[in-house]
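Notes for the one structure printed next.
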Amino acid sequence: MRLTQWTDYALRVLMYCAACHARAQPVTISEVAEKHGISRSHLTKIVQQLAALGLLDTTRGRGGGMRLMRPAEQINLGAVVRATEGDFELVECFNAELNTCRLSSHCHLKNVLGRAMQGYLAVLDGVTLADLVPPVTAPATGAKPLRFMPGIPEPG
């Protein structure tokens, strides 16, 4: 089971926004694109989908950007993956309309793979965005806070 690049990038955007939630300024698409080496135009389409799904609040123009629409603890990884992945048909026989496999009538592979997919999604259902982005470590007196993700700007 493999996630598409689209879902991978969607998760990166959400994680980046979660990591920067304490910042005064919102996260920008250009910032995420630069930090992850991803096409800005490609990320724009992903951000539009995440906004349409009610996961990101976006603001255009000077000082604009994006923020999570709800706390990271309320964003379920399984729901995000289901919303951003387009195809959970692991093999041809998962789609009755396109299935031409001659073994389908006596094969148990579909059932085994179906259970595996259910298990995969069940694990993701037990994870929130907050689980993927540990909190910022509290600084000692006079020390700078430690960031958990290299390249994520300090809150300011």
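Here are some notes:
- Here Leu56, Leu43 are screened, and the one residue that is closer than 30 Å to Met117 by Cα and in contact (Cβ under 8 Å) with a residue 40 or more places away in the chain is Leu56.
- Failed condition for Gly63, given (1) modelled with pLDDT of 85 or more; (2) touching a Pro at 6+ places or on another chain (Cβ under 9 Å); (3) of a type outside the set (Val, Ile, Thr): (1)
- Residues satisfying the stated conditions in the stretch 11-42, i.e. surrounded by fewer than 16 Cβ atoms within 10 Å (Cβ to Cβ), of a type in the set (Gly, Ala, Ser) and on the phi < 0 side of the Ramachandran plot: Ala22, Ala24, Ser30, Ser39, Ser41
- Where helices (runs of 4 or more DSSP H) fall wholly inside the stretch 3-81, the ranges with 1 or more residues that are under 18 Å from Leu129 (Cα atoms), within 11 Å of the chain's Cα centre (by Cα) and of a type in the set (Ser, Thr, Tyr) are 5-19.
- Qualifying residue in the stretch 135-150 (condition: within 26 Å of Gln74 (Cα to Cα) and modelled with pLDDT of 80 or more): no
- Annotation for the stretch 94-114: at least one member residue is surrounded by 15 or more Cβ atoms within 10 Å (Cβ to Cβ) and under 23 Å from Val127 (Cβ atoms).
- For the stretch 1-23, a residue qualifies if it is polar (S, T, N, Q) and over 15 Å from Gln48 (Cα atoms), and the qualifying residues are Thr4, Gln5.
The values are calculated or read from the model by the stated rules, or taken from the named source; none is laboratory data. Quick caveat, the model's predicted, so the values are computed rather than measured. FYI the Cβ positions are ideal-geometry reconstructions off the backbone, even for glycines, and counts take in every protein chain you see.
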